[in-house]
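Read through the structure below, which is laid out as structure tokens, and then see the notes.
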Amino acid sequence: MNEIITMSTKEANRISVLEKLKTKHLKQGKAARILGISVRQVRRLLVRYRRGGAVALAHELRGVPSNHQADPEVLDAAITVIKDRYHDFSVTFAHEKLVALHGFPYSRETLRAAMITVGFWHPKRQSTPLIHEMRERRASEGELVQADGSPHAWFEDRGSTCTLLVYIDDATGKLLHLEFVASETTNAYFGATRRYLETHGKPLALYVDRHGVFRVNTTKALSARVEDSNGLTQFGRAMEELDIELLHANSPEAKGRVEKVNQTLQDRLVKELRLQGVSTMEKGNRFLPAYIVSFNRRFAVRARSPVNLHRNLVPTDDLAHILVQKHTRRLSKQLTLSYGNRIYQIVTDRPTYAMRHATVIVEEDPQQKMTIRYKGNELSYRSITKHPKSEIVDSKHVAVVVDRLVERVTLSPSPMHPWRQPQLYW
């Protein structure tokens, strides 16, 4: 019975050389030069060839299972856990969870091979990357901080869609502050920025996009009301008072650091919130500080310079009176003013003629508490009327507002509607 021998090309090529050595038609030194091995190795091969023939030249471990292969039972258990808890996780993220929570002993690539085998992971075809000019990281922490808002279904179907405000250091890639808010508004950024500044201090510069909160894009839009001669938005005015330079990116790629971390958070943070059972913004904001620590431990890098350029807040940095909206109004003869679709009446003991047509400052903090000041002094007031309110919606949040309005629409006519009354025909 003919036996089939599996050999490599290198092993098969040795047969003719060893046969000539066996019949003494070739010297050992020349055979060593032909095969590219030492004379001692030639002698060992010749001994094996004389004893067992061509079969003895095949590697003895060919076809034998490796002593270091992964235990199939461990891999099956890992695949079961992935199916139950981590079915939509990437290979890297699933491997981190298996190692940290389930004691998985093998490498990420071993897990990848197992997930590909059972169809849990499909290798992605690499697309041709777009080439952008690389911008080197800043040298020190606090030299440049990138900020952005990321609207997303952070709680999936367990809660409503909201926005995550992200502050990330350019030099180190550290997450400095995360906060869930209903949408990107001036008040939302004021509140988040205040908590960031109280924790870390003032950076030298803040890198943002061209959102209407940061930049006046058109002087005709009511949402981009210019409050002073410099043409600054409320947020821009506050950063100027705090001596923080506000830089505007011309494209998403220009602030790629925060755009990239948004993508990572939309993958990893969503799954972490699911595992923790978090379904509201309040619980999410309580969870975020611990998540920032673990994220920075995993992804942050060391800055080239050890100097932290965050500046401490000084007594003149009164955040409670700087991070508020400030609007200029002129009082009427009756000491009234209009603000936020309401008319307010100033209540004062001084002669009314002394304040006619006076210029006052209306301040609104992130909690929408309003204060009216005249020459730095706070005035008492009361609301007397309310106008119908119209809303100008940013393009990022049109879908959310439309959904909210659709929920208010009553599609069925009331019982007293004329359509429901009997019709008389003469």
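Readers should treat all values here as calculations from the given coordinates under stated rules, not as data from a laboratory. Source: prediction; values computed, not measured. When we count neighbours, we look across all protein chains shown, and the Cβ atoms used for this are built from the backbone with ideal geometry, even at glycine.
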Mean-position separation - Cα centroids, the range 268-341 and the range 230-266, in angstrom: 13
Proximal aspartates and glutamates to Lys283, defined as alpha-carbon separation beneath 20 angstrom and excluding residues fewer than eight positions away on the same chain: Glu156, Asp157, Glu179, Glu184, Asp267, Glu272
Only Cα pairs under 8 Å and at least 6 apart count here; give the relative contact order of the chain as a rounded whole percent. 12
Part-to-part distance (alpha-carbon centres) for the range 350-378 and the range 66-89, which is given in Å: 67
Can you give me the distance in nm between label points at Lys10 and Thr385, each placed 7 Å from the Cα along the Cα-to-Cβ direction? 9.5
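Using the beta-carbon distance between Ala300 and Arg43 and R0 = 56 Å, what value does 1/(1 + (r/R0)^6) give for FRET efficiency, to the nearest 0.05?
Details: r = 59 Å, r/R0 = 1.05.
Efficiency at R0 = 56 Å is approximately 0.45.
Mind running the shape call on the chain? Use the C-alpha gyration tensor, a ≥ b ≥ c as the square roots of the eigenvalues: rounded below 1.5 for a/c, prolate if a/b tops b/c, oblate otherwise.
Numbers: a/c = 3.89, a/b = 2.35, b/c = 1.66.
Prolate, since a/c reaches 1.5 and a/b exceeds b/c.
Provide the gained length on full extension for the span Phe93 to Gln69, in nm with one decimal, where the gain is 0.36 nm per separating residue minus the Cα-Cα distance.
So the extension gain works out to 6.4 nm.
Return the FRET efficiency for the residue pair Thr336, Thr316: r is the Cβ-Cβ distance, R0 is 41 Å, and the value is rounded to the nearest 0.05. Each step should come with its number before you reach the end.
Details: r = 34 Å, r/R0 = 0.82.
Computed FRET efficiency for Thr336 and Thr316: 0.75.
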Partners for Lys255 among aspartates and glutamates (Cα-Cα distance below 16 Å; same-chain residues under 8 apart left out): Glu133, Glu136, Glu143, Asp148, Asp169, Asp170, Asp209, Glu245
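Could you tell me which of rounded, prolate or oblate describes the range 17-164, using a ≥ b ≥ c as the square roots of the eigenvalues of the alpha-carbon gyration tensor, with rounded for a/c under 1.5 and, failing that, prolate when a/b is larger than b/c and oblate otherwise?
Numbers: a/c = 4.11, a/b = 2.21, b/c = 1.86.
In terms of gyration-tensor shape, prolate.
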